[in-house]
Amino acid sequence: MRIDNQQLKAFLLDSGLVSADDVSAAEKISAKGDQNIGEILVAKGKISVEDLTRLKAYILGIPFVSLQDQKIEPDVLRAVPEPLARSHNVIAFKKKGNALEVAMLDPEDLETIQAIQKTTSLKLLPRLTDKKSMQEALKQYQKSLEVEFGELISKDAEILRPVEGELKDAGGEDLKKMAEDLPVVRIVDTLLKHAIIQQASDIHIEPLEKEVIVRYRLDGILHDAMVLPKQVASSIIARIKILSNLKLDEHRLPQDGRFKVETAEYKVSFRVSILPIYDGEKSVLRLLPENSKGFTLEKLGFFGEGLEKIHRAIKKPTGMILATGPTGSGKTTTLYTILDILNTPEVNISTIEDPIEYRMPRINQSQVRPDIGYSFANGLRSLLRQDPDIVMVGEIRDNETASLAINAALTGHLVLSTLHTNSAAGSLPRLIDMKAEPFLIVSTVNLIIAQRLIRTLYKVKEPYKLTREQVAKLGKEIDLDQMLAIMRHEKIIGAKDGWQDMTFHKPKESADAPDGYQGRIGVHEVLYMSETIKNMVMSGATSDDLEKQAKKEGMITMLEDGIIKAAQGITTLEEVLRVTREETA
């Protein structure tokens, strides 16, 4: 049963927890967006999360429980797998006969309840709890990373005693034996498990002179996770090499590999890079959750005319679609999402990638192998003999690949690829730098997407309105009137709302999100190749001139897209300016 706004409003007024004026104000904001009045009142600090949860429990007739200071039996706790418990804030706390009592924060999350019921084959009795109770109960799943590592290292200190030099001089068989010792296996498994639970995108294992630093990249920002003694460095790297099927006794050259971790709760591929440095070997592991498939363009942050332009471009049977941006900006995820839309039984899709980041059914994916001479260029030549309708080239890195990709688009294929440029307009001069003829570029390129990833605000956030000074400062970065027109057109603000009427948000610290952010979303600019832009490319226009024309034709820049998302309460103005590398004057 769902609680609608009118029902919640009636009970809020009856309860006396908030004033009628506050409820009325929240109702007006709710009508403009997708938040209900309860969430708005919590965000404004008019009612606590705990009081709202208790009220919802009363409305739904579901008992409220407090789990603080309650010890849960391990067998009962494990009835709900830890990743599911953390991601959906639902925890099993009592079992009696065939009945399992589960505490939750969201009274409307019936899908999770049904999933647990299916897995356990028990009768589920939902109970509501508050956030503090949930946080305390979740701690019972496992110890902190520091405690878990500390116990492992102290318990197995004798086994881990060899110093770095001894391990480096060891032969392949000795390294293999040390890497397969139980304490090393436990340490690496624990490190991977915590990274998966925290939804890290990368793990950095960095040997220094006297210690090893482990860092996790969370929402695009690196955080120190653990400091380990130096003597475990080579054993850990050797273990990672074994998992990745790399050469154990090679310490002088970089190596790349991958492996997969699969349990009932999650399936994650790890892309591994080993680099020799002064103090040993540094390892970086990129986490690629295999359930990342199933994204939609809307979930990635596309909307409005930009989204319509993408759908228009992918309906064309031939031509090129390019995604551009720095490493780690989500280009490949965008292209995979487009491939997922195009992936129907009527077409043959082939890719040439380095590396293959996500496996997709019914798509022929090929991995570049430069060490044996299998490059993007000769791989693309081979793909085109496989009768594909759609081709994805992981990256256009050189003149030869650019020429082949353009020729593939000219000869009846839809080609998707990535480039490393800072903006959508900058991709066109970049292709010319790669010796591509301007007349071939305008004949093939349909659409260019430039993007960055920005952190999204956690649901606990602090609202505020811009002062006149802040609006004036923002006006030095963007055309304020044009932005208002765009937001009114997209119905993000009311027809008469101005900059000082909008509600922006600041991050607010909480136990679940210490810096106030959780997750990331894309900011994009989508450049559609109009006849005017094609003519400008032919006449040798600069990227600045091309961008000005694209903006005249309705292109929203990444900065403007970010500001729209800030106005929607998705992120902050500070985060948008940080990521798009713009500075306020």
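The values are calculated or read from the model by the stated rules, or taken from the named source; none is laboratory data. As the structure is a prediction and not an experimental result, all values here were calculated from the model. All Cβ positions, even for glycine, are placed from backbone atoms using ideal geometry, and neighbour counts span all protein chains on display. Surface areas here come from the heavy atoms of the whole protein model, side chains and all, with no ligands, DNA or RNA. Shrake-Rupley method; radii C 1.70, N 1.55, O 1.52, S 1.80 Å.
Normalised by the residues of region 214-286, what does the relative contact order come to in percent, with Cα pairs under 8 Å and at least six apart?
Computed over region 214-286, the figure is 19 percent.
Counting only protein heavy atoms and a 1.4 Å probe, tell me what percentage of the chain's accessible area is made up of carbon and sulfur.
It is 49 percent, rounded to a whole number.
Could you work out the relative contact order of region 398-510? I mean the mean sequence separation of Cα pairs under 8 Å and 6+ apart, divided by the number of residues, in percent.
27 percent
Any idea of the accessible area per residue across the chain, 1.4 Å probe, to the nearest Å²?
Averaged over the residues of the chain, the accessible area is 49 Å².
Sequence-distant or interchain residues sharing an amide H contact under 5 Å with Lys94, placed H: which?
For Lys94, the qualifying residues are Glu101.
Would you mind telling me the antiparallel percentage of the DSSP bridges in the chain, rounded to 5?
That works out to approximately 65 percent antiparallel.
Which parts of region 63-88 would a label at Gln199 reach, counting a residue when its backbone N lies under 19 Å from a point 7 Å out along Cα-to-Cβ?
81-88
Quick one: Karplus J couplings for region 12-25, per residue in order, coefficients 6.51, -1.76, 1.60, θ = phi - 60°, nearest Hz, x for Gly and Pro?
5, 5, 5, 6, x, 6, 9, 7, 5, 5, 5, 5, 5, 5
Counting only C-alpha contacts under 8 Å and six or more residues apart, can you give the relative contact order of the chain as a whole percent?
Dividing the mean separation by the residue count of the chain yields 10 percent.
Name the trypsin sites (Lys or Arg not before Pro) in region 470-540 that are in a loop by DSSP and that have at most 15 other C-beta atoms within 10 Å, would you?
Lys476, Lys491, Lys496
Check which residues have an amide H placed less than 5 Å from Met392's amide H, if you skip close sequence neighbours.
Those lying under 5 Å, H to H, from Met392 are Ser350, Thr351, Ile352, Leu416.
Rounded to whole Å and sorted largest first, list the principal axis extents of the Cα atoms in region 420-570.
Its Cα atoms span 54, 36, 25 Å along the three principal axes.
Enumerate the calculated ³J(HN,Hα) couplings along region 467-475 in order (Karplus 6.51 cos²θ - 1.76 cosθ + 1.60, θ = phi - 60°), each rounded to whole Hz, writing x wherever the residue is Gly or Pro.
7, 4, 5, 5, 5, 4, 5, 5, x
Find, among the trypsin sites (Lys or Arg not before Pro) in region 1-75, those assigned to loop by DSSP (not H, G, I, E, B) with at most 10 other beta-carbon atoms within 10 angstrom.
Answer in residue order: Arg2, Lys71.
How much accessible area does His413 have with a 1.4 Å probe, in Å² rounded to the nearest 10?
20 Å²
Which lysines, on any chain, are close to Lys267 with Cα under 17 Å apart, when same-chain ones fewer than 8 places away are left out?
The reachable lysines, counting only those whose Cα sits under 17 Å from Lys267, are Lys193, Lys293.
Are any of the pairs Lys96/Lys299; Lys118/Lys260; Lys9/Lys96; Lys32/Lys508 more than 31 Å apart by Cα-Cα distance, and if so, which?
From the list (Lys96/Lys299; Lys118/Lys260; Lys9/Lys96; Lys32/Lys508), the Cα-Cα distance tops 31 Å for Lys96/Lys299; Lys9/Lys96.
Could you list the GluC sites (Glu not before Pro) in region 432-492 that lie in coil according to DSSP, counting only those with at most 16 other Cβ atoms within 10 Å of their Cβ?
For GluC sites (Glu not before Pro) across region 432-492 that sit outside H, G, I, E and B with at most 16 neighbouring Cβ atoms in 10 Å, the list reads Glu490.
Label the chain by shape, choosing from rounded, prolate and oblate, from the square roots a ≥ b ≥ c of the eigenvalues of the Cα gyration tensor; if a/c is under 1.5 it is rounded, and otherwise prolate applies when a/b is larger than b/c, oblate when it is not.
Oblate, since a/c reaches 1.5 and b/c is not below a/b.
Counting pairs on different chains as well as pairs 8 or more places apart, how many Lys pairs in region 331-483 have Cα atoms under 26 Å apart?
The result is 4.
Report, in deg cm²/dmol and to the nearest 500, the calculated mean residue ellipticity at 222 nm for the chain, where each DSSP H run with n ≥ 4 adds -39500 (n - 2.57) and the sum is divided by the residue count.
When only DSSP H runs of four or more count, the value is -11500 deg cm²/dmol.
Long-range amide H contacts for Lys282: which residues qualify at under 5 Å (H placed 1.01 Å from N, peptide plane, sequence gap of 5 or more or a different chain)?
Those lying under 5 Å, H to H, from Lys282 are Leu275, Ile277.
Cα gyration tensor of region 195-243, axes a ≥ b ≥ c as square roots of the eigenvalues: rounded (a/c below 1.5), prolate (a/b > b/c) or oblate?
It is oblate, given that a/c is not under 1.5 and a/b is not larger than b/c.
Across region 447-464, in residue order, what do the Karplus-derived ³J(HN,Hα) couplings come to in whole Hz, using 6.51 cos²θ - 1.76 cosθ + 1.60 with θ = phi - 60° and x for Gly and Pro?
Result, ordered by residue: 7, 10, 10, 10, 8, 9, 10, 10, 6, 9, 5, 6, 5, 8, 8, 10, x, 7 Hz.
To the nearest 10 square angstrom, how much accessible area does Glu346 have with a 1.4 angstrom probe?
150 Å²
Relative to the present Cα-Cα distance, how much length would full extension add between Ile341 and Leu410 at 0.36 nm per residue of separation?
My answer for the length gained is 22.6 nm.
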